[in-house]
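The values are calculated or read from the model by the stated rules, or taken from the named source; none is laboratory data. Here the structure is a predicted model, which means the values were calculated and not measured. Here the Cβ positions follow ideal geometry from the backbone for every residue, glycine too, while neighbour counts run over all protein chains shown.
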2 protein chains.
Amino acid sequence: MRVKMVVAYDGTNYRGWQVQPNGITIEEVLNRELTALLKEPVTVAGASRTDSGVHSLGNVAVFDTQTKMPADKIAFALNQRLPADIVVQGSCEVPADWHPRYQNSRKTYEYRILNRTFRMPARRFDTYFYHHRLDVERMRQAAAYLEGEHDFKSFCAVGAQVKTTVRTIYACTVERDGDLITIRVTGNGFLYNMVRIIAGTLIQVGGGMRKPEQMPEILAAADRDAAGPTAPACGLTMTGIEYDDEIDC
Amino acid sequence: MRVKMVVAYDGTNYRGWQVQPNGITIEEVLNRELTALLKEPVTVAGASRTDSGVHSLGNVAVFDTQTKMPADKIAFALNQRLPADIVVQGSCEVPADWHPRYQNSRKTYEYRILNRTFRMPARRFDTYFYHHRLDVERMRQAAAYLEGEHDFKSFCAVGAQVKTTVRTIYACTVERDGDLITIRVTGNGFLYNMVRIIAGTLIQVGGGMRKPEQMPEILAAADRDAAGPTAPACGLTMTGIEYDDEIDC
């Protein structure tokens, strides 16, 4: 059977999702522990290949298995083996051709900025600390220009290989709760470093270095140099993926 | 001059506040780094000697120094030397006889419970994970019995040496925000393990093992065995101390 899992992780100590030679990754730990648990070679396929240091509340992965363990019990059994910074949030059986990357979905990312005079130890792993006061209203105005279907080439890391840099952003909001600013972006897909470049650009707008009204020309430039810097990975969390189908685990 | 500091820390990797032979403590790190920064022997005196693994957003400490560095700049200079899990939130000069333990204050602690089916990696250091669904309304009813002046001997670790176990709790509230339950207690002082024993008892009430109406008899027993277990340190955060004076840093 094919099993879908929802996976939460603190990415601080990982070299991102995808298996690679230079360090431990989320995918690698899942493959290793599923293989040990199910006593057969298991390879997962993930929806979002999050970067080094990026977190998730609900990335999605599938794998095929011959096990007789009920699909919904696998999450509980696997969590007994996983380290404290990776926790599966549920598992269920899906059709044999269901793949987390090859169908319509709405992915949501949050970029969190701790905007205060002093760092706060408890938030050092899941926020980006930014000392200068940011104007959230300006950031909100700038964010609104990103909603809709656009060519986001200016917000894509140089060298990324993709067929098209056109994506649709369904919503891009900015909220302040005390010292914590959250940029929340929902879209049908994201280019490499896209949310971090959006965050880096909105921070420049919030800090007065750019005007909200400059966003259309940044998009139109279709040039990475037109946008702001790539904000640090630690502030980024993938919060979840909604699929059009009715599968819910 | 005497300098007051407000100190935030993630207590996960410390043996509590107070210097002791069996591991590194917050007080020890502050003494060491202040001594190096100010080039004279410095010893801090703290308001709350928090336990191993307990966190703080605003513990208070004072120290005496001959330095010519302005008191309010010490926080910034010290933070350059401190590890990422200890961050001073401000410093200011206080009268030479001002001591954080010997005057009226209102201390607030929060005990946070992550109450959901699966653990969440991002909250593993600052919450206590509790799987069974807790009834917050019952916990709130029980908490209300603790407000006011009472003998809290039932909520004090056995063996603690204190003149009196009478304390005043100004407010004890319980709130749920999604999966996160926060018990917030403000009082004029706390006995050893008092908030963690309150939390352990309220969890039993929330889980149906005790009734809210049992709280008066638990207090009346004046016996540690009458109350619930001591909830784990990781869920506890001292959030701040208010003093009657006008000093604010």
Got at least one residue in segment B:125-138 being away from chain A (no Cβ under 14 Å), acidic (D, E), outside any strand (DSSP E or B) and surrounded by fewer than 21 Cβ atoms within 10 Å (Cβ to Cβ)? yes
Can you tell me which residue is surrounded by the most Cβ atoms within 10 Å (Cβ to Cβ) among those in segment B:167-214 that are over 30 Å from B:N104 (Cα atoms) and among the acidic types (D, E)? B:D179
Of the candidates B:T182, B:T165, the one satisfying the condition of being more than 14 Å from chain A (Cβ to nearest Cβ) and polar (S, T, N, Q) is B:T165
Tell me whether segment A:59-67 contains one or more residues that are β-branched (V, I, T), under 21 Å from A:T237 (Cα atoms), surrounded by fewer than 17 Cβ atoms within 10 Å (Cβ to Cβ) and more than 14 Å from chain B (Cβ to nearest Cβ). no
Search segment B:51-78 for residues being in a helix (DSSP H, G or I) and in contact with a strand residue (DSSP E or B) (Cβ under 7 Å, 6 or more places away or on another chain), and hand back the single one that is farthest from B:D97 (Cα to Cα). B:L78
Report whether or not B:E33 is away from chain A (no Cβ under 14 Å), in a strand (DSSP E or B) and of a type in the set (D, E). no
Selection from segment B:36-47 of residues surrounded by fewer than 23 Cβ atoms within 10 Å (Cβ to Cβ) and either touching a residue at least 40 places away in the same chain (Cβ under 8 Å) or not in a loop (DSSP other than H, G, I, E, B) (or both) yields B:A36, B:L37, B:L38, B:A45, B:G46
Checking the condition out of contact with any His (no Cβ under 7 Å at 6 or more places or on another chain), crowded, with 18+ Cβ neighbours inside 10 Å, over 19 Å from B:E110 (Cα atoms) and not hydroxyl-bearing (S, T, Y), which residue from B:K163, B:K153 passes? B:K153
Return the residues of segment A:71-118 that are within 13 Å of another protein chain (Cβ to nearest Cβ), of a type in the set (V, I, T) and touching a Ser or Thr at 6+ places or on another chain (Cβ under 7 Å); say none if nothing qualifies. A:I74
Among B:R210, B:R167, which is at pLDDT 95 or above, within 29 Å of B:V88 (Cβ to Cβ) and among the basic types (K, R)? B:R167
Anything in segment B:123-180 that is more than 18 Å from the chain's Cα centre (by Cα) and hydroxyl-bearing (S, T, Y)? List them, or say none. B:Y130, B:Y145, B:S154, B:T164
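Hey, any hits in segment A:2-25 for a residue that's charged (D, E, K, R), crowded, with 21+ Cβ neighbours inside 10 Å and part of a loop (DSSP other than H, G, I, E, B)?
yes
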Taking the residues in segment A:48-58 that are of a type in the set (S, T, Y) and touching a helix residue (DSSP H, G or I) at 6+ places or on another chain (Cβ under 9 Å) as candidates, determine which candidate is nearest to the other protein chains (Cβ to nearest Cβ). A:S56
